[in-house]
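The values are calculated or read from the model by the stated rules, or taken from the named source; none is laboratory data. Only a predicted model underlies this, so the values are computations on that prediction, with no experimental measurement involved. For neighbour counting, all protein chains shown are included, and Cβ atoms are generated from backbone atoms with ideal geometry for every residue, glycine included. Please note that ligands, DNA and RNA were not included when accessible areas were found on the heavy atoms of the full protein model with its side chains. Shrake-Rupley method; radii C 1.70, N 1.55, O 1.52, S 1.80 Å.
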Amino acid sequence: GSKRELRKLNRIVHPYILKEIKNKIAKIKKSGFKGLVIVDAALIVPWGLQKKLDLLIVVASPAKTRLERLTAKVIFPAQARRIMASQLPVSKLKQEADIIVTNDGSLSCLKKKVKMIHHYLLAQSST
């Protein structure tokens, strides 16, 4: 598909997705739920949604690692570079982040980092 078609699709789909995320957050808050609510969405910062969240965790990988992982999924390097170029720069995401998780190792290493953050956040939410 062309960039123009993708932009058209995004203009149709993104407002609906954003509205649904906001509605679900509002519903959870209204219910009195006291646990952690996690929103996993690549477009949190471009949408400005981080302003509605208590905390933004950014998982960032070095460009070389992202390129290697994309091309390992049978994506041609040129296409992988286009995908990466279309994304918000990692530096911008890091500026908005409250917590930055560097994902430059194995999946098990990432899981350990996430578990540590999860335990930290649970401890913070119970105080």
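See the values below:
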quantity	calculated
Residue within the range 82-89 that is open to solvent by less than 100 Å² (accessible area, probe 1.4 Å), polar (S, T, N, Q) and in a helix (DSSP H, G or I) present	yes
Residues that are at pLDDT 90 or above, of a type in the set (A, V, I, L, M, F, W, C), open to solvent by 60 Å² or more (accessible area, probe 1.4 Å) and closer than 22 Å to residue 106 by Cα, drawn from the range 38-75	57, 59, 72
Test: residue 112 is part of a helix (DSSP H, G or I), out of contact with any helix residue (DSSP H, G or I) (no Cβ under 7 Å at 6 or more places or on another chain), surrounded by 10 or more Cβ atoms within 10 Å (Cβ to Cβ) and basic (Lys, Arg)	yes
Candidate set from the range 39-53 (those that are within 10 Å of the chain's Cα centre (by Cα) and of a type in the set (A, V, I, L, M, F, W, C)); member that is farthest from residue 91 (Cα to Cα)	39
Residues of the range 44-57 classified as more than 21 Å from residue 10 (Cβ to Cβ), free of Cβ contacts under 8 Å to residues at least 60 places away in the same chain and in contact with a helix residue (DSSP H, G or I) (Cβ under 7 Å, 6 or more places away or on another chain), total	1
